[in-house]
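Colleague: Here you go, one structure.
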Amino acid sequence: MSALAGGALIGVAVVLTMRLLGRVAGISGILHRSVDGPGTDERTADWLWRPGFLLGLVVAGGLVAALRPGTLPAAPSGLAPAGLVVAGLLVGWGTAQARGCTSGHGVCGLARGSKRSLAATAVFMATGALAVWWLRHGLPA
């Protein structure tokens, strides 16, 4: 039930972000533009929704963790901290190369019928499946 509720909330957030703000709810783009600050052609009031959106993600996760301990399990990776840093950097690089993240392409782009998002999502999914296989079967013990 929690996965169903989470998926429904993501769908609602995506629809509201597009309907109310005319923006795609791709997290990497929102984060990037939040760090850059308001552009010269953008009013601060039009920019503030981005950090607010990101803060809402963190606050919601914190509330769930506080109100329902054990609901958000830690993902066991078996990787050393340095490996996790490298993995995070690779994800960031891939997001920049794909001009968007899984939420932007997989949820928002596919819903809008974007061919580029379909290609990006296929690559995300295939790469993820390959990475899981490699980590479980391909690495030397």
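Colleague: As an exercise: evaluate Thr40 against (1) open to solvent by 50 Å² or more (accessible area, probe 1.4 Å); (2) assigned to a helix (DSSP H, G or I); (3) of a type in the set (S, T, N, Q) and give the number of the one condition it does not meet.
Modeller: So the condition that Thr40 fails would be (2).
Colleague: Restrict the check to the stretch 9-25 and report whether at least one residue is open to solvent by 50 Å² or more (accessible area, probe 1.4 Å) and farther than 22 Å from Gly106 by Cβ.
Modeller: no
Colleague: Here's another thing I want to ask about it. Scan the stretch 66-82 and give yes if some residue there is open to solvent by 40 Å² or more (accessible area, probe 1.4 Å), modelled with pLDDT of 85 or more and not in a loop (DSSP other than H, G, I, E, B), otherwise no.
Modeller: For the stretch 66-82, residues open to solvent by 40 Å² or more (accessible area, probe 1.4 Å), modelled with pLDDT of 85 or more and not in a loop (DSSP other than H, G, I, E, B): present.
Colleague: Arg33: part of a helix (DSSP H, G or I) and under 17 Å from the mean Cα position of the chain (by Cα), yes or no?
Modeller: Yes: the conditions hold for Arg33.
Colleague: Something else about it: List pairs: first residue in the stretch 116-134 and free of Cβ contacts under 8 Å to residues at least 40 places away in the same chain, second residue part of a helix (DSSP H, G or I) and open to solvent by 60 Å² or more (accessible area, probe 1.4 Å) anywhere in the structure, Cβ distance under 8 angstrom, at least six positions apart or on different chains.
Modeller: Ser117/Leu110; Leu118/Leu110; Thr121/Thr102; Thr121/Leu110; Phe124/Thr102
Colleague: Separate question: Tell me, yes or no, whether the stretch 95-104 has at least one residue that is over 13 Å from the mean Cα position of the chain (by Cα), part of a loop (DSSP other than H, G, I, E, B) and within 26 Å of Ala120 (Cα to Cα).
Modeller: no
The values are calculated or read from the model by the stated rules, or taken from the named source; none is laboratory data. Every value quoted in this text rests on a predicted model; they were computed, and no experiment measured them. Methodologically, a virtual Cβ is constructed for each residue, glycine included, from the backbone with ideal geometry; neighbour enumeration extends over all protein chains shown. These area figures cover heavy atoms from the full protein model, side chains too; ligands, DNA and RNA do not enter into them. Shrake-Rupley method; radii C 1.70, N 1.55, O 1.52, S 1.80 Å.
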